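Student: Sending over a structure as structure tokens; questions will come in a sec.
Just so you know, all these numbers are worked out from the coordinates, no wet-lab data involved. Because the structure is predicted, anything quoted here is derived from the model rather than measured. Cβ: placed from backbone, ideal geometry, glycine included. Neighbour counts: every protein chain shown.
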Amino acid sequence: IAGITQAPTSQILAAGRRMTLRCTQDMRHNAMYWYRQDLGLGLRLIHYSNTAGTTGKGEVPDGYSVSRANTDDFPLTLASAVPSQTSVYFCASSEAGGFTDTQYFGPGTRLTVL
Amino acid sequence: AQSVTQPDIHITVSEGASLELRCNYSYGATPYLFWYVQSPGQGLQLLLKYFSGDTLVQGIKGFEAEFKRSQSSFNLRKPSVHWSDAAEYFCAVMGTGGFKTIFGAGTRLFVKA
């Protein structure tokens with residue numbers, strides 16, 4: 001069982017370029033999440049999805065978009081990357097998204113925008 | 001608005017010594033509180049969580065946390081630290097709607113021999 005996989009592991013990107021970070025889970029979890037982690041700020045929620053076909057905005061959604069075409073995949077797209085999007089990005093999932101659920105995290109993608 | 005404060009950016013503890021990591025939260029209703037650990041280069045792993053009931057919560061790896069409503073605190077403790085506990089620790093509170101978790105900035109734990 002792989003849990004949650006993220007790709008790529010790391011990426012250096014020129015400003016203005018489009019980039020999609022991939023996230024796949026094999027636990028059949030309904031809820032999925034994207035966070036960014038920045039030094040001194042902890043993790044901040046970008047977007048979430050409580051079930052396939054639906055998405056919602058988190059704390060810092062600007063400049064990012066997501067889709068949830070099926071249960072397993074939850075890609076995060078930066079339409080036109082800017083240096084302030086340099087961060088470590090974590091995908092997570094939970095069974096149903098409720099208060100009692102445990103979130104399981106992927107290994108992260110380190111993104112540098114120059 | 002919900003918020004989480006971890007006052008200590010980093011803490012150094014001797015191996016075998018006790019540990020307490022502080023966490024204060026701001027939330028209008030009954031909070032749902034979590035502690036996560038992140039080892040270098042890894043994602044976050046849940047240590048323990050509190051929803052209701054007994055205010056002393058036991059977690060994995062020998063950790064426990066105590067919810068104190070009067071102090072708006074949820075401090076993490078371990079009686080005897082091992083070198084493998086060196087990591088970053090995040091306190092979190094789940095916000096309204098159940099899908100939005102607010103994380104603290106984290107406390108990095110260093111363990112010296």
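Student: Could you list, in sequence order, the residues of region A:69-93 that are small (Gly, Ala, Ser) and under 13 Å from the mean Cα position of the chain (by Cα)?
Tutor: Scanning region A:69-93 gives A:SER87, A:ALA92, A:SER93.
Student: Can you say whether B:LYS49 is closer than 29 Å to A:GLY56 by Cα and of a type in the set (Lys, Arg), as far as the supplied structure shows?
Tutor: Answer is yes for this residue.
Student: If we keep just the residues of region B:1-41 that are in contact with a Ser or Thr (Cβ under 9 Å, 6 or more places away or on another chain), facing chain A (nearest Cβ under 10 Å) and farther than 18 Å from B:LYS100 by Cβ, which is surrounded by the most Cβ atoms within 10 Å (Cβ to Cβ)?
Tutor: Ranking the qualifying residues of region B:1-41, first place goes to B:GLN6.
Student: Can you report the number of residues in region B:20-33 which are in a strand (DSSP E or B) and within 15 Å of B:SER72 (Cβ to Cβ)?
Tutor: Residues in region B:20-33 being in a strand (DSSP E or B) and within 15 Å of B:SER72 (Cβ to Cβ): 4 in total.
Student: If I filter region B:42-63 for residues that are part of a strand (DSSP E or B), small (Gly, Ala, Ser) and surrounded by 14 or more Cβ atoms within 10 Å (Cβ to Cβ), do I get at least one hit?
Tutor: Taking every residue of region B:42-63 in turn, none turns out to be part of a strand (DSSP E or B), small (Gly, Ala, Ser) and surrounded by 14 or more Cβ atoms within 10 Å (Cβ to Cβ).
Student: Identify, please: which residue in region A:5-64 is part of a strand (DSSP E or B), without any contact (Cβ under 8 Å) to a residue 40 or more places away in the chain and small (Gly, Ala, Ser) and is, among those, farthest from the other protein chains (Cβ to nearest Cβ)?
Tutor: Looking at the filtered set, the residue picked out is A:SER49.
Student: In region A:86-100, what residues are surrounded by fewer than 20 Cβ atoms within 10 Å (Cβ to Cβ) and more than 7 Å from chain B (Cβ to nearest Cβ)?
Tutor: Those that are surrounded by fewer than 20 Cβ atoms within 10 Å (Cβ to Cβ) and more than 7 Å from chain B (Cβ to nearest Cβ): A:THR86, A:VAL88, A:GLU95, A:ALA96.
Student: In region A:65-85, which residues are surrounded by fewer than 18 Cβ atoms within 10 Å (Cβ to Cβ) and either free of Cβ contacts under 8 Å to residues at least 40 places away in the same chain or farther than 18 Å from A:GLY108 by Cα (or both)?
Tutor: Within region A:65-85, A:SER65, A:SER67, A:ALA69, A:ASN70, A:ALA79, A:SER80, A:VAL82, A:PRO83, A:SER84 meet the criteria.
Student: Moving on to the next point. Considering only residues of region B:73-92 that are within 14 Å of B:LEU21 (Cα to Cα) and part of a loop (DSSP other than H, G, I, E, B), which is nearest to the other protein chains (Cβ to nearest Cβ)?
Tutor: Among them, the one singled out is B:ALA86.
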